[in-house]
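Each remark here refers to the structure printed beneath this line.
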Amino acid sequence: MSGLSQPLQPWSWLLVPALICAIATIMLDAPARFGPLGLPEPVFAMVPAFAWAVIRPSVLGPFVVLLSGLFLDFFWREPLGMWALALLAAYTATLATRNLMVGQPEQVLWAWYAAVTVLAFLVAVVILTLESRNMPNLLGVIWQGGLTALMYPLARRLIERFENTDLRFR
Amino acid sequence: MSFRDGPFQDLRVPLAWTAAAATIVAVIAALSMLLADKRDARPDHKDPDKTAGFNGARSQFDEVISPISGLFAAPLRWTGGLADDARGYFNAVDENKKLHKEVADLQRWKDAAIALKNANQRYEALLKLRVEPDVPTVAARVVQDSRGPFSNARIADAGAAQGVKVGNPVISEHGVVGRVVGVAKTASRILLLTDVESRTPVMVDRTNARAILTGDGGAEPSLNNLRGREPVREGDIILSSGDGGLYPRGLPVGVATKDLRGVWRVRLYSDRAPIDYVRILEFEDFSQLAEAAALDNKTLPPLGAVDSAQVKAALEAKLAPPPTPKPAAATTDAAADAKPASDTSAKPGAKPADKTPDPKAKPTAAKTDAKPKPAQKAHP
């Protein structure tokens, strides 16, 4: 049990998941099409943004969320800061409601994750609409948001991997 | 003495507070970048190397990410190629029959195209039209494809080293794909017609009606700003209009279709097949062709020449007919001084028919009115 009380190493719970998300995003943005459908394009960075806030409050966490968002903005050529703000909104909302939600049944946690995903997409839609004076296709937004919400099991796995590592936050 | 040994050694700031402060700092940083970003800024024609906002950083990012994306895309491309080969092998007979029918159909179009091209060349020679020159192209492979509702852009593996510039139109073997919005040394970023930011001047081939093709992140961009009675019908062919000088006139874009809400949309030709290879047209838009220095010359006609006495005389001449010739001459001189600035913009608006039959006169109006090449018209 002594290993469990060791503080978390930033590279293991922040940097590695962020890198995995970046690689997954690059891989699924390959110009491939299977019949009429392209590859799905969920926002992978949503998974760690939610999980980091659930695992524990952190000083480094928001900055890694910021960097993940900026990577998406550069990679997808969005207004710089759009995904950074959207992910930070989700991170902040999760952090603010953390005490209420921790320990709830699995379905409630999934609904919580879906709710913060909706919040992040709402922020992205508002920013893009204001910036381009044109609303993005809502069906496309729902499709991408739905795919992102379906990735909760990955967030659950990340939370389970690290939530008991630092006993101060149990 | 370290910080922990000093007078603050007993100070304990709750982690929740520091985490909240860090979050606020991160949000402020993101907001600042959002406000400072100018991704739509076009390159300065005086200094093309100067980039606005974070566009320089974007180009550098594309330069770095292009080979990485290419690496990840390769296995998928090979898998896709194998699947296509297998499909082709099993559907060879059906495909052959279909192609025979298509060739017979295209032969008719080819004959028509030859006849039209011949007639067109004769008209051009008779009218002494200055036709659009052939546009050189650069072939490139697409290595990254963002296709979400917020962004529809691609990275191609050709950049400034191959002569690609910001604003160059991009086409596939089927039709217009988009235009270049960012250029690095060996990579370029293409904004697709379907992107939320994309606005493309187009025309309906049948009626010549103009419209703006507006992307929304979906597969079928909408036709906005349509004018006239029934300017478009289901199945009408949509071409680039060339207005504004961003695209050459007459490039095939797609087919008009009405959605469930009654909004006119365009089913893009470029959406018929995966866009893996593209051609970047080294087309110079009007703003690049124009002599920038002359357009920027903001010196007004010499006001000093028109002194108060002349103004007074001009007013008197207006009030008391018949006018004296001198003030009128002064006014004409002032107008003549102002002429060079407006000359450039006036020419493209004139029609060849307006020209006087002076054989020495060079008709410059044909540039925007040149007909699309027969091969392009016959495309669908």
Take B:Gln60 and tell me if it is over 24 Å from A:Gln144 (Cβ atoms), modelled with pLDDT of 85 or more, assigned to a helix (DSSP H, G or I) and away from chain A (no Cβ under 14 Å). no
B:Ala73 - would you say it is within 14 Å of chain A (Cβ to nearest Cβ), loosely packed, with under 11 Cβ neighbours inside 10 Å and under 29 Å from B:Ala219 (Cα atoms)? no
Provide a single number: the residues in segment B:103-148 that are aliphatic (A, V, I, L, M) and in a helix (DSSP H, G or I). 12
Single match in A:Ala45, A:Ala22 (criterion: surrounded by fewer than 23 Cβ atoms within 10 Å (Cβ to Cβ), more than 8 Å from chain B (Cβ to nearest Cβ), under 12 Å from the mean Cα position of the chain (by Cα) and modelled with pLDDT of 90 or more): A:Ala22
Only one of these is crowded, with 23+ Cβ neighbours inside 10 Å, closer than 24 Å to B:Leu71 by Cα and assigned by TED's automatic domain parsing to the domain that holds B:Gly245: B:Val164, B:Val138. Name it. B:Val164
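Residues checked against (1) closer than 15 Å to B:Asp205 by Cα; (2) within 18 Å of the chain's Cα centre (by Cα):
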| position | (1), (2) |
| --- | --- |
| B:Asp236 | yes, no |
| B:Ser241 | yes, yes |
| B:Gly250 | yes, yes |
| B:Lys258 | no, no |
| B:Val263 | no, no |
| B:Val266 | yes, yes |
| B:Val278 | no, yes |
When segment A:88-126 is checked residue by residue, the ones that are part of a helix (DSSP H, G or I), over 23 Å from A:Pro136 (Cα atoms) and among the β-branched types (Val, Ile, Thr) are A:Thr92, A:Thr94, A:Val108
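Please tell me if B:Ser198 is more than 11 Å from the chain's Cα centre (by Cα), within 14 Å of another protein chain (Cβ to nearest Cβ) and either modelled with pLDDT of 90 or more or crowded, with 18+ Cβ neighbours inside 10 Å (or both).
No.
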Unique match (being touching a residue at least 40 places away in the same chain (Cβ under 8 Å) and within 30 Å of A:Ala124 (Cα to Cα)) among B:Pro248, B:Pro169, B:Pro252: B:Pro169
Restricting segment A:140-156 to residues that are of a type in the set (Gly, Ala, Ser) and within 12 Å of the chain's Cα centre (by Cα), which is surrounded by the fewest Cβ atoms within 10 Å (Cβ to Cβ)? A:Ala149
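Only residues that are of a type in the set (A, V, I, L, M, F, W, C) and either more than 9 Å from chain B (Cβ to nearest Cβ) or surrounded by 22 or more Cβ atoms within 10 Å (Cβ to Cβ) (or both): list them for segment A:48-66, please. Spell out the reasoning first.
Kept after step one, since they are of a type in the set (A, V, I, L, M, F, W, C), are these residues of segment A:48-66: A:49-55, A:59-60, A:63-66.
Result: A:Ala49, A:Phe50, A:Ala51, A:Trp52, A:Ala53, A:Val54, A:Ile55, A:Val64, A:Val65, A:Leu66.
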Hits in segment B:88-129 (condition: loosely packed, with under 13 Cβ neighbours inside 10 Å and touching an Asp or Glu at 6+ places or on another chain (Cβ under 9 Å)): B:Gly88
Taking the conditions exactly as written (closer than 30 Å to B:Ala86 by Cβ and either of a type in the set (Asp, Glu) or outside any helix (DSSP H, G or I) (or both)), does A:Pro40 satisfy them or not? yes
Any chance B:Asp145 is over 17 Å from A:Ala30 (Cα atoms) and assigned by TED's automatic domain parsing to the domain that holds B:Leu239: no
Would you point out the residue of segment B:1-57, among those that are buried (at least 17 other Cβ atoms within 10 Å of the Cβ), within 34 Å of the chain's Cα centre (by Cα) and assigned to a helix (DSSP H, G or I), that is modelled with the lowest pLDDT? B:Asn55
Considering segment B:213-243 alone, what residues qualify as being in contact with a helix residue (DSSP H, G or I) (Cβ under 9 Å, 6 or more places away or on another chain) and within 14 Å of chain A (Cβ to nearest Cβ)? B:Asp216, B:Gly217, B:Gly218, B:Ala219, B:Glu220
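The values are calculated or read from the model by the stated rules, or taken from the named source; none is laboratory data. Keep in mind that this is a model prediction, so the values were computed, not measured. No Cβ is skipped: glycine too gets one built from the backbone with ideal geometry, and neighbour counts run over all protein chains shown.
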